[in-house]
Amino acid sequence: AAKDVVLAEKPVITDDSNNLDPSLLDELLVNIATLSSVYHKPPEAFVTRTHSSAQKTEDDEYPDGIESESSVNPANGPGSPPTSSYTIPASPPPAAAPVPDLLGDLIGMDNNSIVPLDQPATPSGAQLTRRDGQVFYSMLFENNSQVPLDGFMIQFNKNTFGLAAAGPLQVPQLQPGTSTRALLPMVMFQNMSQGPPSSVLQVALKNSQQPVWYFNDKILLHVFFTEDGRMERATFLETWRSLPDSNEVSKDFPAIVIGGVDATVERLAASNIFFIAKRKNANQDVFYFSAKLPRGIPLLVELTTVVGNPGVKCAIKTPSPEMSTFIFEAIETLLRS
């Protein structure tokens, strides 16, 4: 019976990609991981109409039952034209609708309104934050124009942590001279980019009265530390010993001063980095902390310093040492705050 199963006649494996039109194949490769690559159809086949300019009309809408292509192509940075355009509703989509693709609005738009990728252009009113176990993108909107603004939409380019909006951006009509805050719930691991890890978060934002504005934000890992990261001392020691020495990475922060131990412990705990133990090493104090990265990955932290004097050595151990750069950035930011 096993012979009949293992040695049964196998179907012939074929590749029909060479039967596709070369121009269509190139477009499908650019739009991989979208509906286009699944159905072997160009992006414009999923909308009722497309436009070659940023002008949209109120009767533009997606066909019933078809979701929009909502991911921005990482090969097309904010400074380069898109490979195709998508229909953008003139008013915000209902809560259940998919987030529209803002990349199409680059066509016909003045390049002076695009923020280059190499500029630190994060608005002071935008940042990732964590509340009650949920990651949000917190934004402050100020209307300094002479007309009311509405129809706000936002989209995030593919990124190392797969950050994406969990739903449409909810911002009420903003009258001239007024401001409002918005908390946008975020999800992880749904908008993953390929290539080397990066802490850059590329954001596209627009409203019905103005063109798309692109800017860069910086992803700080501490907003991802989960609330269940506290370890017992025995568990901490066991985990530290179980990880190979190659997983231990250290970095010096020569300008940082830990002036008050209690204040530092409270500040780290507020970002889910929990105090485990403290010991003396000659004239230095050594502090141990634990945290947990997304998907249950443990993070062990050792801080060595002379309290009140400049200089902190940070050593970390984790099953994901490739994240060490982001971890050091997060810890340094918290120690400086």
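The numbers here are math on the coordinates, done by the rules we state, and not lab data. Being a predicted model, the structure only gives us computed values, none of them experimental. Cβ atoms come from the backbone with ideal geometry, glycine included; neighbour counts cover every protein chain shown.
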Requested in this report: Beyond 31 Å between alpha-carbons counts as too far, so tell me which of 158/313; 218/280; 41/206 fall in that bin.
Outcome: 158/313; 218/280
**Report entry** Whole-Hz couplings from phi, Karplus 6.51/-1.76/1.60, listed for the range 283-294; x for Gly and Pro
**Finding:** 9, 9, 9, 10, 10, 10, 9, 10, 8, 9, 7, x
Query raised in the report: Under 5 Å between amide H atoms, partner at least 5 residues away or on a different chain: which partners does residue 273 have, H built in plane at 1.01 Å?
Result: none
Requested in this report: Go from 0 up to the bin containing the longest alpha carbon distance in the range 121-219, width 5 Å each, and give me the % of pairs per bin.
Outcome: 3, 12, 23, 26, 18, 11, 5, 2, 0
Query raised in the report: Arranged from highest to lowest average of other beta-carbon atoms within 10 Å per residue, in what order do the peptides 227-233, 243-249, 283-289 appear?
Result: 283-289, 227-233, 243-249
Report summary line: So for R0 = 25 Å, FRET eff. of residue 232-residue 166 from the Cβ-Cβ r, to 0.05, ends up at 0.15
Report summary line: Among the range 249-266, those whose backbone N falls under 18 Å of a label point 7 Å along Cα→Cβ from residue 218 are 251-257
Query raised in the report: So, by mean Cβ neighbours within 10 angstrom, what's the order for 265-273, 198-206, 2-10, 250-258 with the highest one leading?
Result: 198-206, 265-273, 250-258, 2-10
